[in-house]
1. Carbon and sulfur: what percent of the stretch 1-92's accessible surface (1.4 Å probe)?
2. Between residue 130 and residue 67, what length comes free when the chain is fully extended (0.36 nm per residue of separation minus the Cα-Cα distance, one decimal in nm)?
3. Determine the sum of side-chain charges near residue 29: Lys and Arg each +1, Asp and Glu each -1, restricted to other residues whose C-beta is under 10 angstrom from that of residue 29.
4. At 7 Å along Cα-to-Cβ for each site, give me the label-to-label distance between residue 115 and residue 23 in nm.
5. Report the label-to-label distance for residue 54 and residue 13 in nanometres (one decimal), using points 7 Å from each Cα along the Cα→Cβ vector.
6. Starting from the Cα-Cα distance between residue 38 and residue 105, subtract it from 0.36 nm times their residue separation and give me the gain in nm to one decimal.
7. Restrict the search to the stretch 22-119; then list the GluC sites (Glu not before Pro) that DSSP places in a loop and that have at most 14 other Cβ atoms within 10 Å of their Cβ.
Amino acid sequence: MIGVLGNIQFKVSFDGTNNNILNFSDLKLSGGANYEEHKRRGLKPVLEFIDLKTDVVSLKITLRTDFGVNPLEMAKKLNLYKNTGEVLKFLLGNKPVGNGEFVITSCNYGYEYITNNGLVRNLDVSLSLMEYTKVIYENIEIITKTKQNTEKQIVNEDFNQGAIERWYMN
């Protein structure tokens, strides 16, 4: 077994009479981080790490009838995953890719070989997956201020390096 996406098993097997080949190519995983840039007068800005972006995976699959795969049935299954938003386990061997859970965000199909009776014999598929992250609820402290404690700041026209007058509302 090469890997698994949902209940689709990628494998290569040949017993002498039957081919059963379902594999992918051009697997790419990308991720990133979000930073906030804080500008400073007369100095270079300072970067502050905020959080991580979700991982994105792209891959190509060739579905061929001579490899023991029904291209239209497999395309139907992939579309069902995409259209229902089903969260899929994605493994290489027995190890998860990224956090191991992804959703299909796009499927693109290239009909490469069709017989004269309309039978699709070869279908090239490009998939885009996005990492699925669970919603985490945390207790969030909410600060409320009464009207008596609200602070109002007024900045003068000749504002100079943070000279702020503070007025308190009653």
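The values are calculated or read from the model by the stated rules, or taken from the named source; none is laboratory data. Keep in mind the model is a prediction, meaning the values are calculated, not measured. Glycine also receives a Cβ, built like all others from the backbone with ideal geometry; neighbour counts cover every protein chain displayed. Protein only, heavy atoms only, side chains kept; ligands, DNA and RNA dropped before computing areas. Shrake-Rupley method; radii C 1.70, N 1.55, O 1.52, S 1.80 Å.
1. With neighbouring chains kept in place, the figure for the stretch 1-92 is 52 percent.
2. Details: separation 63, 0.36 × 63 = 22.68 nm, distance 2.81 nm.
Roughly 19.9 nm would be gained on extension.
3. On the way: positive: 28; negative: 55, 131.
Once all neighbours under 10 Å are counted, the net charge is -1.
4. Label-label distance for residue 115 and residue 23, simple model: 2.5 nm.
5. That separation, rounded to one decimal, is 3.4 nm.
6. Gain in length upon complete extension: 20.8 nm.
7. Here the GluC sites (Glu not before Pro) that fit, given the DSSP loop and packing criteria, are 86.
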